[in-house]
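Below is one structure; the comments refer to it alone.
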Amino acid sequence: MNRKLLLICVLALVALSAAVVAAQEPVTVRMSTWAGVDEAGELNAIIADINANNTDFQIVQEPIPADYYTQIQTQLAGGTAADLMWMDQDHMALAADGSFMALTDCVADAAPETSGDVNDYYPGVLQMSYIDNTLYGLPWIAQPVVVYYNRALFDAAGLDYPTSDWTWDDFKSDAAALTHDDQYGTSFYGWPPPQIFVWQAGGDLISEDLMTSPIDSPEAIAGIQFYTDIAYNTDYAPSAETISEQGQADMFKAGKVAMFMGGAADDLDRVTGLDVGVVPVPHNPDTGSNITYTWAASTVINANTPNPDAACAALLAVTDGIQNWKIVSPRISQGTPDHLIASEPRKEANAEPILEAAQNMRALVIFDGYLHWNDVLWGEYLGPLLNKETDLSIEELAQEVRPDLEDELPANQ
């Protein structure tokens with residue numbers, strides 16, 4: 001073999017070896033989260049286990065703990081966004097502009113009771129990951145609203161502790177009895193979401209087909225009436241000024257509010273010096289409904305990821321990992337006390353009421369333009385009612401604002 005031919009063969013072998021090595025190198029999958037230092041560290045431990053057990057991809061977390069959505073949208077516009085991104089339910093509407101990859105193929109062959117099995121998710125949670133009937137995200141957390149209550153304040157008032165069969169009437173009666181001096185029975189301040197009580201009354205603020213905003217229906221009016229009867233009413237709750245000065249959750253932690261509606265993962269049941277119980281939200285006395293709002297978040301895939309297959313595999317793996325870390329898991333098969341306690345041992349005493357609430361949790365219906373719609377809801381309707389900035393009745397204001405809300409719905413754009 002002449003020297004020229006030998007050199008060609010050697011170069012060919014080198015190129016082939018390099019190609020084999022390149023083919024064997026795992027794909028890097030970048031993942032943006034809003035995690036702070038501690039949370040990012042916990043997630044990195046989960047990611048490390050995932051990375052150690054596969055050779056196809058390696059996940060790299062890129063935390064953005066401040067101005068998350070501003071930075072994410074800038075990165076999406078500039079083509080520098082990560083392969084995977086956390087999205088809360090309010091921002092899932094970004095899917096409508098083509099920012100996220102549809103997950104239809106990604107989950108098509110998912111085994112039952114795995115993170116890709118859409119039938120294993122609570123329907124009220126999974127709905128927020130669908131835009132125009134297409135799945136764009138996998139939920140990894142669902143925090144149903146529950147009621148935290150201070151047992152010592154109930155004891156001092158001679159009241160029985162609330163149970164899972166309590167009603168709106170029971171809640172108001174207890175709140176009134178627990179309000180005196182600088183102590184209040186509860187606290188409503190734009191939180192909890194008024195949708196809870198509208199849904200329980202059998203109404204809605206957005207129709208299922210996204211065509212109307214029936215805020216003037218008798219059912220919706222009943223829910224908002226209950227809410228505004230309590231909010232800022234010092235017979236039950238602190239004034240707006242008091243809440244602004246002292247903070248809702250802080251007043252509960254200080255023993256100045258007896259009942260507070262918070263997320264199931266909140267730390268309100270482990271405040272030093274307080275004996276706190278947890279119970280599902282009260283149900284509507286007429287319908288018997290015990291629906292509760294849940295804050296939920298999903299992980300999505302960047303539509304422009306250069307490695308869609310690896311991104312899909314990473315999404316399934318990291319979603320499963322987070323669902324065994326964050327509570328409440330949005331998956332039905334994981335809705336057990338053992339799973340919840342294993343994920344968060346500090347919730348052992350209240351695992352049962354939390355899981356009871358999870359059976360009735362519901363996330364918001366999200367659509368292209370949802371955030372603008374929500375701005376109108378609060379700016380023209382709920383805000384003026386809560387702040388006593390209108391002389392109109394609930395019914396009158398609802399009828400006046402409804403057309404403005406419906407103008408924001410996709411069907412009318």
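Residues of the stretch 329-351 that are in a loop (DSSP other than H, G, I, E, B) and in contact with a Leu (Cβ under 9 Å, 6 or more places away or on another chain): SER329, PRO330, GLY335, THR336.
Rundown of residues vs (1) open to solvent by 10 Å² or more (accessible area, probe 1.4 Å); (2) assigned to a helix (DSSP H, G or I), yes/no style:
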residue: VAL198; (1), (2): no, yes
residue: GLY202; (1), (2): yes, no
residue: GLU208; (1), (2): yes, no
residue: ILE224; (1), (2): no, yes
residue: THR228; (1), (2): yes, yes
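Annotation: of all residues in the stretch 397-410 being farther than 26 Å from SER129 by Cα and free of Cβ contacts under 8 Å to residues at least 60 places away in the same chain, the one that is least open to solvent (accessible area, probe 1.4 Å) is LEU397. LYS326 meets the conditions (1) of a type outside the set (Gly, Ala, Ser); (2) closer than 27 Å to PRO112 by Cβ; (3) open to solvent by 20 Å² or more (accessible area, probe 1.4 Å); (4) part of a helix (DSSP H, G or I) in every case but one. The failed one is (4).
Considering ILE394, ILE366, the condition of being open to solvent by less than 60 Å² (accessible area, probe 1.4 Å) and touching a strand residue (DSSP E or B) at 6+ places or on another chain (Cβ under 8 Å) is satisfied by ILE366 alone. In the set (1) part of a loop (DSSP other than H, G, I, E, B); (2) among the hydroxyl-bearing types (Ser, Thr, Tyr); (3) buried (at least 23 other Cβ atoms within 10 Å of the Cβ), THR272 fails one condition alone, (3).
All conditions but one from (1) open to solvent by 20 Å² or more (accessible area, probe 1.4 Å); (2) touching a strand residue (DSSP E or B) at 6+ places or on another chain (Cβ under 6 Å); (3) aromatic (Phe, Trp, Tyr) apply to TYR130; the one that does not is (2).
Against the conditions (1) more than 20 Å from the chain's Cα centre (by Cα); (2) within 17 Å of THR33 (Cα to Cα), PRO308 satisfies every one except (2).
Can you name the residue in the stretch 192-250 that is of a type in the set (Ser, Thr, Tyr) and within 27 Å of PHE367 (Cβ to Cβ) and is also modelled with the lowest pLDDT among such residues? For the stretch 192-250, the residue satisfying everything is SER207. Filtering the stretch 255-269 to residues that are within 14 Å of LEU178 (Cβ to Cβ) and open to solvent by less than 30 Å² (accessible area, probe 1.4 Å) leaves GLY255, VAL257, ALA258, MET259, PHE260. Scanning the stretch 70-121 for residues that are in contact with a Leu (Cβ under 9 Å, 6 or more places away or on another chain) and of a type in the set (Phe, Trp, Tyr) yields a total of 2.
Conditions (1) part of a helix (DSSP H, G or I); (2) within 14 Å of VAL278 (Cα to Cα); (3) touching a Gly at 6+ places or on another chain (Cβ under 8 Å), marked per residue:
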{"site": "ALA102", "(1), (2), (3)": "no, no, no"}
{"site": "VAL146", "(1), (2), (3)": "no, yes, yes"}
{"site": "ASP169", "(1), (2), (3)": "yes, no, no"}
{"site": "ASP174", "(1), (2), (3)": "yes, no, yes"}
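Within the option set PRO26, PRO63, being more than 22 Å from the chain's Cα centre (by Cα) and open to solvent by 40 Å² or more (accessible area, probe 1.4 Å) holds for one residue only, PRO26. Selection of first residues in the stretch 268-291 that are under 15 Å from LYS347 (Cα atoms) and of second residues that are of a type in the set (D, E, K, R) and open to solvent by less than 10 Å² (accessible area, probe 1.4 Å), restricted to Cβ pairs under 9 Å at least 6 apart or on distinct chains, gives the following pairs, ordered by first then second residue: ASP269/LYS347; ARG270/LYS347; VAL278/LYS347. With the requirement that a residue be of a type in the set (A, V, I, L, M) and closer than 17 Å to PRO308 by Cα, what does the stretch 24-67 give you? The answer is VAL27, VAL29, MET31, ILE59, VAL60. Among the residues of the stretch 275-290, those that are under 25 Å from GLY223 (Cβ atoms), assigned to a strand (DSSP E or B) and open to solvent by less than 10 Å² (accessible area, probe 1.4 Å) comprise VAL279, PRO280.
Only one of the listed residues (LEU371, LEU315) is touching a residue at least 60 places away in the same chain (Cβ under 8 Å), surrounded by fewer than 22 Cβ atoms within 10 Å (Cβ to Cβ) and hydrophobic (A, V, I, L, M, F, W, C). That residue is LEU371. Of all residue pairs spaced 6 or more apart or on separate chains, those with beta-carbon atoms under 8 Å, a first member in the stretch 112-126 that is open to solvent by 100 Å² or more (accessible area, probe 1.4 Å) and of a type in the set (D, E, K, R) and a second member that is in a helix (DSSP H, G or I) and modelled with pLDDT of 95 or more are GLU113/ASP120; GLU113/SER333.
Looking only at residues in the stretch 235-254 that are in contact (Cβ under 8 Å) with a residue 60 or more places away in the chain and open to solvent by less than 30 Å² (accessible area, probe 1.4 Å), which one is nearest to ALA177 (Cα to Cα)? Out of the qualifying residues, it is ALA237.
Here is the figure for the stretch 90-105: residues that are out of contact with any Phe, Trp or Tyr (no Cβ under 8 Å at 6 or more places or on another chain) and open to solvent by 30 Å² or more (accessible area, probe 1.4 Å) total 4.
The values are calculated or read from the model by the stated rules, or taken from the named source; none is laboratory data. Quick caveat: nothing in here was measured; it's all calculated off a predicted structure. Ideal geometry is used to build each Cβ from the backbone, glycine not excepted, and the neighbour counts take in all protein chains shown. Surface areas here come from the heavy atoms of the whole protein model, side chains and all, with no ligands, DNA or RNA. Shrake-Rupley method; radii C 1.70, N 1.55, O 1.52, S 1.80 Å.
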